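*Asks:* Could you have a look at this structure, given as C-alpha cells, before my questions?
Every number in this text was worked out from the coordinates using simple rules, so none of it is lab data. Predicted, not measured: the structure shown is a model, and the values here were computed from it. As a convention, Cβ positions derive from the backbone with ideal geometry for all residues, glycine included, and neighbour counts pool all protein chains shown.
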Amino acid sequence: MALLAVCYVPLMLVPGAPAMTALSALAGVFLAPSLACAFVIVDRHAPRGTVTEAFSWLVTTFTVGASLGTAAAGPVVEWGGTASGFAVPALAGAAALLVLLATVRVMVPPPDSGIVAGSSENDRNGTVEPGFTAGHQA
C-alpha cells in the first residue's frame, strides 16, 4: 500500500505522456497486490458462511471510494491544475496506509485461519464457497 501511494507522487510532476504512461503502469503494479490482500483479509475475518456477502461489501466500498475520489479530483483539478489532481490518489493511498498501520493488530489472522474444513465456509445452500483459505499466506 505504501508503494502504491508513493508511486502517485511522481505523477504530480506531469512529466509528459510517455513518462506518465510508465509511471501509471508502475503505480498499477502495486494496485493488484493491494486488492488481493484486501480480499484475503476479508476472507480471514468474515464470519463463517458470510464470505460472499463480505466480498460484495468490499467491492461496494471500492466503488464508493472510486466515486468519491473522482468527485474530489474534479474540483481539485479545476482549482489547482492537473498536478494537484494526482495528489488526490496519493493522499488517499497515504490515508489507506495509515488505516492499515492503525489496525495492524486487528488484521492479524485468527488462530484457526490455517485450517481448512469442508464446512468452514458454507453458504445457506450448504455448498462450499471457493475462497482464499487454502492455507496460503499473502
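*Asks:* Taking the Cβ-Cβ separation of Ser84 and Cys37 as r and a Förster radius of 30 Å, what is the calculated FRET efficiency to the nearest 0.05? Let's see the in-between values first.
*Replies:* Details: r = 29 Å, r/R0 = 0.96.
The formula returns an efficiency of 0.55 here.
*Asks:* So, one more: Given a Förster distance of 22 angstrom, what is the FRET efficiency for Ala71 paired with Leu3, based on the Cβ-Cβ distance and rounded to 0.05?
*Replies:* Computed FRET efficiency for Ala71 and Leu3 comes out at 0.30.
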